[in-house]
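The values are calculated or read from the model by the stated rules, or taken from the named source; none is laboratory data. This structure is a prediction, so every number in the text was calculated from the model and none was measured. Quick reminder, even Gly has a Cβ in these numbers, built from the backbone with ideal geometry, and neighbours come from all protein chains shown. Please note that ligands, DNA and RNA were not included when accessible areas were found on the heavy atoms of the full protein model with its side chains. Shrake-Rupley method; radii C 1.70, N 1.55, O 1.52, S 1.80 Å.
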Amino acid sequence: MTNKVTTEDRGRVRIVRINRPEKRNCVDAETAVGLARAIEAFGGDERARVLVVTGEGDQAFCAGADLKSTTGLFGHEYVDAAGPMGFARLDPGKPTIAAINGYCFAGGGELAAWCDIRIGAVNAEFGCLSRRWGVPYADGGTQRFARILGTGNALYMLMTGARFDARHAYEIGFLQEIVPKGEALTRALELAEAIAAYPNFAGICADRRAVLEGLSLCLDDGLLLEAKVVRPECYSEEMRAGLGRFAAGARDSSPRPRGLRELDR
């Protein structure tokens, strides 16, 4: 795998880092292929349960595509299977979390939107800044932004190219949590480890699948999908054991959300 993308395992959590801090973690063709291969490897590894995606250094999560090497982005081996930046059409079938440190612009926003959950440091910045160079959005932004933010906010981002801070990203629902500077990865790992440790992990993946696949369905068809995908996991031995612990009075150790209220204290 290219050294422009690195991986690290911490127990059952895998970290994937874009390793181009000198380029604000922009994605060129080599990086795109590295991302695609890392996602595929995570999806195929039964030991790894949750993927955390981040950028090397404290300046940028990912500032988008490398606009000085766009030709390669549309000609690499994964462009059709995964998209120009190497992720848009891939689904590992397991939870993914973005740890956003610093700049999250253009295609970097698309990468963050590809993740299921987004944790942002208070100094993170967002926006479709490549609009000023005439660059459209071909890595899922036209589809995922609207699903996450609603039509109005998605079109506002895509058409104006406005640059905004982490607080605004949190307020419009792009970020699920906002944390102090330097703590995005730490918090993402805390959540990832909690998810990975839950019993009946297949049930978590089933819930995830039902949510994502149900987005394009009417409610009745979505409920049928839920019955097909999720209901079988209600009979697992791990769930039965969990209910036994509940009946015995086990304490709740679920994570508590972090947001603007905690930052303003």
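Is it the case, given these coordinates, that residue 72 is modelled with pLDDT under 95, under 26 Å from residue 194 (Cα atoms) and surrounded by fewer than 24 Cβ atoms within 10 Å (Cβ to Cβ)?
Against the criterion (modelled with pLDDT under 95, under 26 Å from residue 194 (Cα atoms) and surrounded by fewer than 24 Cβ atoms within 10 Å (Cβ to Cβ)), residue 72 does not qualify.
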Looking at the stretch 227-244 only, could you name the residues that are closer than 18 Å to residue 91 by Cβ and open to solvent by 90 Å² or more (accessible area, probe 1.4 Å)? 228
Among the residues of the stretch 15-30, the number that are in a helix (DSSP H, G or I) and either open to solvent by 50 Å² or more (accessible area, probe 1.4 Å) or among the basic types (Lys, Arg) (or both) is 4
Any residue that is surrounded by fewer than 22 Cβ atoms within 10 Å (Cβ to Cβ), farther than 12 Å from residue 16 by Cβ and touching a helix residue (DSSP H, G or I) at 6+ places or on another chain (Cβ under 8 Å) - is there at least one of those in the stretch 31-48? no
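Among the candidates 167, 187, 132, which residue alone is out of contact with any strand residue (DSSP E or B) (no Cβ under 9 Å at 6 or more places or on another chain), charged (D, E, K, R) and over 25 Å from residue 226 (Cβ atoms)?
Numbers: 167 fails: out of contact with any strand residue (DSSP E or B) (no Cβ under 9 Å at 6 or more places or on another chain); 187 fails: out of contact with any strand residue (DSSP E or B) (no Cβ under 9 Å at 6 or more places or on another chain).
Result of the check over 167, 187, 132: 132.
Please determine, by comparing only the residues of the stretch 53-65 that are touching a Ser or Thr at 6+ places or on another chain (Cβ under 8 Å) and assigned to a strand (DSSP E or B), which one is most open to solvent (accessible area, probe 1.4 Å). Can you show your working first?
Step one: filter the stretch 53-65 for residues touching a Ser or Thr at 6+ places or on another chain (Cβ under 8 Å), giving 53, 56, 61, 64-65.
Now drop any that are not assigned to a strand (DSSP E or B), which leaves 53, 61, 65.
Details: 53: 5, 61: 1, 65: 27 Å².
Applying the filter and picking the extreme gives 65.
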Members of the stretch 165-190 found to be of a type in the set (A, V, I, L, M, F, W, C) and either in contact with a Gly (Cβ under 6 Å, 6 or more places away or on another chain) or touching a residue at least 40 places away in the same chain (Cβ under 8 Å) (or both), listed by number: 166, 169, 174, 175, 178, 179, 184, 185, 188, 189
Which residue pairs have Cβ atoms closer than 8 Å, lie 6 or more positions apart in sequence or on different chains, and pair a first residue in the stretch 61-74 that is more than 23 Å from residue 125 (Cα to Cα) with a second residue that is of a type in the set (D, E, K, R)? 69/28; 72/28; 72/30; 73/28; 73/66
